[in-house]
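Okay, so here's the structure we're looking at.
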Amino acid sequence: MGTAEYVAARETILRHRTDWAAARAAFRWPDLDRFNWALDWFDVHASGNAAPALRVAGEDGTVEVRTYEAMARRSDRVANWLRGLGVRRGDRILLMLPNVVPLWETMLAAIKLGAVMIPATTLLAGDDLRDRLERGRVRHVVAMAGDAGKFADLPAGITRIAVGPGVPAGWHDFAAADGAPANFVPDGETRGSDPLLLYFTSGTTAKPKLVVHTQRSYAAGHFSTLHWLGVRPGDLHWNISSPGWGKHAWSSVFVPWIAGACVFALNQGRFAARGVLDALVAHGVTTLCAPPTVWRMLIQEDLARWPVALREVMSAGEPLNAEVIERVRDAWGLDIRDGYGQTETTATVGNPPGQPIKPGSMGRPLAGYDVVLLDAEDREADEGEIALRLAPPPAGLMAGYEGGTGPDGMGAFYRTGDVARRDGDGYLTYVGRADDVFKASDYRISPFELESVLIEHPLVAESAVVPSPDPLRLAVPKAYVALVGGQPLTAEAAASIFRHLRERLPPYKRIRRLEPFDLPKTISGKIRRVELRRREEARPQPVARLEGEFFEEDFPELRG
């Protein structure tokens, strides 16, 4: 069934966890022609295993812990119960749950059944939710009882399953799974090519696409993610992310349970940096991965006041600014290790543990991936679009977009749409999305480079740089900013920021306009620059000042 080959690949990554070159040289993707990750790996590893697999803490101090053995047996009951409700191999289940124990139980059960999961954020509602149901061809829904009202217009024939108290009429109570038989027997073999997860892309630039991942692309594909994260057996791993984001399955399901570690989650009604820091200490979390938005909020606190037990700290989702990395290093003596991947892939580039870290770099290609940079003519270059060589396709690459092209129809490369630079040691530095990079006065501008300078100013918490129309230069860089503590952008603050930029940037890269703004984001914390670009494109012409906006020319005293 592929289990022996799977275990061998896992041991290769764990054995070479601090040796990037050795891991790259020794690792091979397992074939997994017939393989079910929950049955052929998780249940095998869980048999008689009393080690903790899941630890979920609440803001009220409650803590739920499940062992590997308990998760295997409980997911058997849930699988049998779901099958009794009509869930069949290939059926699509929308999972709209927060970080509660039934989320992990349902995911394991669905994998055992051969059902296909569509994780969704609990923030979904209205047209966005309807779009997921229709385009995902959903047959079953699992949601919190409190969210049942969002599904009032569900088409007939969709199974409704509710978690928690207050189960409404017409919905099945998830607690009824307690009475299902304890031993699960699959109805047939699962192939590695069978669909496992459908994820809607984060939608930073356009309407989200539906990405199809398979048993193999996530079960085997996440060996590269394990290579990057460096999670070890027995670790308590916390990945701060929403279950509606692909990164949740990466680091809150597959990688920790591949490694034999324990998943940690904290249920917060509203994100609070101090609550996160308190939880790190109270629970003894050893490995932490969080998006840049979270790291930028954490460094607003005096991190040194929290004596964490962390060994590894990581960031993913967008590039992390050097200022944040330095603040964490000063407080905890740890380097945040950046990594890169997409909803369409697993982790493809990263800084594994034990490797030299270069400020601003997202690292080098991870085990199993052949990464190249391509110019517009598909020629390899030192700066260009990040692409994956498809000879053969890496296991972690999606099967394709729903109703679209898969790896077999992509030609020689899968192009990511992201641009990077490669140095002489093979380290990649992110430049930006191909559609985010713009020209001002005929110079090529990378928003991330300018945002990294902005965040070094003590008043700036977050920023997004986009082109703003200009009659002379065609476009000038403009920064939408959120200030520390939510304070307003006054003329004095704007002058200070413009002065900071003039001291650090050449004239052709200088940000010429500032505006305070509540930055639009995806559920994974990525800034939706596309909304800000559209806002600039729609501004009145000739260029008129927007409310609250400051122009560099407002401060003639800065010249000279």
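Quick check on the chain: of the DSSP beta bridges with both residues there, what percent are antiparallel, nearest 5%?
Around 60 percent antiparallel, to the nearest 5.
If you take the charge dipole of the range 3-429 about its Cα centre, with +1 on Lys and Arg Cβ and -1 on Asp and Glu Cβ, which of VAL253, GLY363, TRP41 is farthest toward its positive end?
Checking the options against the dipole of the range 3-429, the answer is TRP41.
Counting pairs of alpha carbon atoms under 8 Å apart in space and at least six apart in sequence, what relative contact order in percent does the range 397-505 give?
Computed over the range 397-505, the figure is 16 percent.
For ARG88, what charge total do you get from the other residues with a beta carbon under 14 Å from its beta carbon, if Lys and Arg give +1 and Asp and Glu give -1?
+3
Starting from 0.36 nm per residue, how many nanometres of slack lie between LEU505 and ALA26 once their C-alpha separation is accounted for?
My answer for the length gained is 168.1 nm.
For the range 450-529, give me the percentage of DSSP beta bridges that are antiparallel, rounded to the nearest 5 percent.
75 percent
Which percentage, to the nearest 5, of the DSSP beta bridges contained in the range 29-178 is antiparallel?
In the range 29-178, approximately 25 percent of DSSP beta bridges are antiparallel ones.
Which value, in debye to the nearest 20, gives the size of the charge dipole of the range 234-374 about its Cα centre, when Lys and Arg are +1 and Asp and Glu are -1 at the Cβ?
120 debye
Using the number of other C-beta atoms within 10 angstrom as an exposure proxy, rank PHE551, PHE264 with the fewest first.
Arranged by neighbour count, lowest to highest, PHE551, PHE264 become PHE551, PHE264.
Against the longest principal axis of the chain, how steep is helix 101-113, in degrees 0 to 90 to the nearest 10, with axes from Cα atoms?
Computed tilt is about 60 degrees.
Any idea how far the Cα center of the range 441-514 sits from the one of the range 22-64, in Å?
44 Å
Taking only Cα atoms, what is the 0 to 90° angle, nearest 10, from helix 322-332's long axis to the longest principal axis of the chain?
60 degrees
Would you work out which of ILE299, ALA26, LEU373 lies farthest towards the positive end of the dipole of the chain? Charges go on Cβ: Lys and Arg +1, Asp and Glu -1.
Of ILE299, ALA26, LEU373, it is ALA26.
Note the angle between two axes, namely the Cα long axis of helix 68-84 and the longest principal axis of the Cα atoms of the chain, as a number of degrees from 0 to 90, rounded to the nearest 10.
80 degrees
Going by Cα centres, the range 240-317 and the range 123-145 are how many Å apart?
Answer, in whole Å: 27.
Determine the dipole magnitude for the chain: charges of +1 sit on the beta-carbon of Lys and Arg, -1 on that of Asp and Glu, nothing else is charged, the reference point is the Cα centre, and the result goes in debye to the nearest 20.
Result for the chain is approximately 500 debye, rounded to the nearest 20.
Would you mind calculating the relative contact order of the chain from Cα pairs under 8 angstrom and at least 6 residues apart, reporting the percent as a whole number?
Once normalised by length, the contact order is 12 percent.
For the chain, what is the calculated [θ] at 222 nm in deg cm²/dmol (nearest 500), taking -39500 (n - 2.57) for each run of four or more DSSP H residues and dividing by its residue count?
-7500 deg cm²/dmol
Once Lys and Arg get +1 and Asp and Glu get -1 on their Cβ, which of LEU103, VAL116, THR201 lies farthest toward the positive end of the dipole of the chain?
Comparing the listed Cα positions along the dipole, VAL116 ranks first.
For a quick check: sort MET297, MET96 by the number of other beta carbons within 10 angstrom, fewest at the front.
Going from least to most buried by this count: MET297, MET96.
To the nearest 20 debye, what charge dipole does the range 459-525 have about its Cα centre, counting +1 at the Cβ of each Lys and Arg and -1 at the Cβ of each Asp and Glu?
340 debye
Rank these for me by crowding, VAL419, VAL63, going from fewest to most other beta carbons within 10 Å.
Least to most surrounded, the residues fall as VAL63, VAL419.
Once you've got the Cα coordinates, tell me which of LYS247/LYS509; LYS247/LYS526; LYS247/LYS439; LYS209/LYS478; LYS150/LYS526 are over 22 Å apart.
Flagged as over cut-off: LYS247/LYS509; LYS247/LYS439; LYS209/LYS478; LYS150/LYS526.
Where a number appears in this text, it was derived from the coordinates with a stated rule and is not lab data. Because the structure is a prediction, the values reported are computed rather than measured. Here Cβ is always computed from backbone atoms with ideal geometry, including for glycine, and neighbour counts include all displayed protein chains.
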